Structure formats: C-alpha cells, structure tokens
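Encoded as structure tokens, the structure appears first; notes follow it.
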Amino acid sequence: MVNDFEPKQFLASFFGTAKAVLLSPRPFYEGMKTQGGFGNPFVFLVCCIAVHSLLAGLVLNNAAFIARNLVLGIAMPFVTSGLFLFFLIHFFKASGTYEAAFRVNAYAGAISLLSWVPVVGLILEFYRIYLLVVGLSAAFSVKVSRSFLTVLMTLFTYMVLGAAIFHITGGRWPGAPS
C-alpha cells in the first residue's frame, strides 16, 4: 500500500493519513512514496499547522502567536528537511532526495493536530522525534541509530543558531518587547 495524502478525497484522506502516521508510523513510512511532488505532503502539513496555530492561539488568546506559528510552521520544515538530507548524505553516505526528507517531515506534522494541548504537547513533541527517526530510517534505508543521530544533529544545529541569534541581538529574541 502506497501512503500519500490525497486532497481530492480531503477529509477521508486527511484523517486516514494522520491516523496512520500517529498510530502506525513504521508501516506508514515504509509504504510512503518518496517521489510524486511536494504538493500533497505540503497541503497535509499546512492543514496540520493551521489547526495547531488556531487552537493554540485560542488557548493562549494571542493572535500574533497564530500568525507567527503559521509562518514558521510552514517555512521551517523546508529548512529542516534540507538539514536532514545534508546530514544523511554527508555523514552517513545515505542516498535519497530532498523530497523524501520533506515528505517524512511533512507527515510527522500530524503531531501538530494534538500538540497544542498544554503540557501534553511537550510530550508529543518527543513523539515527533520518534516519527522523524522512523520516517528517515524508512525513506533513506538507514539504520534507526543513524536517523536518530541525524535528528539530534539537526536539533543541535538549531540550538547553536538560536544561541548565536540570542547573542547577536544582545540577549533578546527578535520581535521581543523591549
């Protein structure tokens, strides 16, 4: 069975895809197409991020959060997928494509449907790491340990960049009130 979100059967496909990713990630990612375009996984990701942003924004009563979360939630998976591909190819000599990395990342976005719930959301973000590890392992035919190291190196890269931005801005995050 080939797993890919199909917008033409929007509701059934959306909920079926989310359920498969969240409850049966290994079979989902083993059957996931690694080619076929960015459109379907991108639409799936946007829907997951929109649900997360709206519900979290309502819980926090913060409209600016909604806008910022939408922009970052849609833009950052493209950067993250590039980092995944870079680490997998350069450190582990894996073969695969940027599209495969993006698809894994986009479908792991299913966590966003539930991660807006306070406290539970933090725990679910660790499950997102598991989804990414399983997905990268399946999509790039690498050992789970190598995909786990890839995710850790990507997280470390973001932490270093975040610390550098924090330092450059004088200890304040861009956009933070003075």
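The values are calculated or read from the model by the stated rules, or taken from the named source; none is laboratory data. Since the model is a prediction, treat every value here as computed from it, not as a measurement. Neighbour counts are summed over all protein chains in view; Cβ atoms, including those assigned to glycine, are modelled from backbone coordinates with ideal geometry. The area values use the complete protein model at the heavy-atom level, side chains included, leaving out ligands, DNA and RNA. Shrake-Rupley method; radii C 1.70, N 1.55, O 1.52, S 1.80 Å.
Residues checked against (1) within 16 Å of V79 (Cβ to Cβ); (2) exposed (fewer than 15 other Cβ atoms within 10 Å of the Cβ); (3) not hydroxyl-bearing (S, T, Y):
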site	(1), (2), (3)
R103	yes, no, yes
Y107	no, no, no
I111	no, no, yes
W116	no, no, yes
V119	no, yes, yes
F126	no, yes, yes
G135	no, no, yes
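Being touching a residue at least 60 places away in the same chain (Cβ under 8 Å) and in a loop (DSSP other than H, G, I, E, B), is that true of even one residue in region 37-44? The answer is yes, given that some residue of region 37-44 is touching a residue at least 60 places away in the same chain (Cβ under 8 Å) and in a loop (DSSP other than H, G, I, E, B). Look at A75 and say whether it is of a type in the set (G, A, S), out of contact with any Cys (no Cβ under 8 Å at 6 or more places or on another chain), in contact (Cβ under 8 Å) with a residue 60 or more places away in the chain and in a helix (DSSP H, G or I). Taking the combined requirement at face value, the residue does not satisfy it. One residue stands out among those in region 137-146 that are assigned to a helix (DSSP H, G or I) and open to solvent by less than 50 Å² (accessible area, probe 1.4 Å): the one that is farthest from A20 (Cα to Cα), which is F140. Which residues, taken from region 82-108, are touching a Pro at 6+ places or on another chain (Cβ under 9 Å) and either modelled with pLDDT under 95 or of a type in the set (D, E) (or both)? Within region 82-108, just E99 meets the criteria. Let me confirm something: among A94, A50, A100, which residue is of a type outside the set (F, W, Y), without any contact (Cβ under 8 Å) to a residue 60 or more places away in the chain and either farther than 18 Å from A138 by Cα or in a helix (DSSP H, G or I) (or both)? When all the criteria are applied, what remains is A50.
Do we find that F14 is part of a helix (DSSP H, G or I), more than 20 Å from F126 (Cβ to Cβ), open to solvent by less than 70 Å² (accessible area, probe 1.4 Å) and touching a residue at least 60 places away in the same chain (Cβ under 8 Å) in this structure?
Working: part of a helix (DSSP H, G or I): yes; more than 20 Å from F126 (Cβ to Cβ): yes; open to solvent by less than 70 Å² (accessible area, probe 1.4 Å): yes; touching a residue at least 60 places away in the same chain (Cβ under 8 Å): no.
Taking the combined requirement at face value, the residue does not satisfy it.
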